[in-house]
Amino acid sequence: MTLHKKSYSLTEAVVKIQQFCVYQDRCHKEVIEKLQNMNMIPDAIDMIIAELIKDDFLNEERFAKSFARGKFRIKKWGKLRIVRELKQREISKYNIDIALQEIEDNAYLTTLDTLAKKRNDSIKEDNPYKRKKKIADYLFYRGWEPHLVYEKINELVK
């Protein structure tokens, strides 16, 4: 027995994708993958994408801004991780630069400070070098810039 994927008319596909975009901001790559999974042909995908952009359901700048704000505020990611994730989603350098402006410098440094202190307090290691490495690894994984990380670690661990 073979399973047949549902086929969509152009109108049905547009409505389904509009709902997909309304639920949360999407990047072009996500929408194209979704349409491909719906078995839409390339010409139909191009038409649908153009219509979504025209009707403002799809806006890469808006997506990049909300992505950067959300990942910073909720997941406490640093700028390097945010940039890497946006590049994976094929967001342009221009839109990435605009997205990073959404993060206030004061909030950024305060978040780094809070994360570093919290991690420092949770480490049981007595050796200061091992302690520094554990904090650094934790912050690097979250995409914080090396110069900020080392500055913060040297301030916290003597």
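Among the listed residues GLU90, GLU61, GLU51, which satisfies the condition of being over 11 Å from the mean Cα position of the chain (by Cα) and not in a helix (DSSP H, G or I)?
Only one candidate qualifies: GLU90.
Could you tell me which residue of segment 17-48 is farthest from GLU90 (Cα to Cα), considering only residues that are polar (S, T, N, Q) and in a loop (DSSP other than H, G, I, E, B)?
Only one residue fits best here, namely ASN39.
In segment 131-140, what residues are surrounded by fewer than 19 Cβ atoms within 10 Å (Cβ to Cβ) and either in contact (Cβ under 8 Å) with a residue 24 or more places away in the chain or polar (S, T, N, Q) (or both)?
Result: ARG131, single match.
What's the total number of residues in segment 66-87 that are in a helix (DSSP H, G or I), surrounded by fewer than 19 Cβ atoms within 10 Å (Cβ to Cβ) and either free of Cβ contacts under 8 Å to residues at least 60 places away in the same chain or of a type in the set (A, V, I, L, M) (or both)?
Matching residues across segment 66-87 total 8.
Looking at (1) over 11 Å from the mean Cα position of the chain (by Cα); (2) in a helix (DSSP H, G or I); (3) closer than 30 Å to GLU33 by Cβ, which is the only condition THR114 fails?
Evaluating THR114 over (1) over 11 Å from the mean Cα position of the chain (by Cα); (2) in a helix (DSSP H, G or I); (3) closer than 30 Å to GLU33 by Cβ leaves (3) as the failure.
Whether any residue in segment 119-130 is surrounded by 17 or more Cβ atoms within 10 Å (Cβ to Cβ) and among the polar types (S, T, N, Q) is what I want to check.
Yes.
Among the residues of segment 97-118, write down those that are surrounded by 17 or more Cβ atoms within 10 Å (Cβ to Cβ) and among the hydroxyl-bearing types (Ser, Thr, Tyr).
TYR108, THR111, listed by residue number.
Any residue that is at pLDDT 95 or above, under 17 Å from GLY70 (Cβ atoms) and not assigned by TED's automatic domain parsing to the domain that holds VAL31 - is there at least one of those in segment 121-138?
no
Any residue at all in segment 32-51 that's closer than 20 Å to ALA99 by Cβ, charged (D, E, K, R) and not assigned by TED's automatic domain parsing to the domain that holds GLN88?
No - not one qualifying residue is present in segment 32-51.
The values are calculated or read from the model by the stated rules, or taken from the named source; none is laboratory data. The structure displayed is predicted, hence computed values, not measured ones. Please note: Cβ atoms are built from the backbone with ideal geometry, for glycine as well, and neighbour counts cover all protein chains shown.
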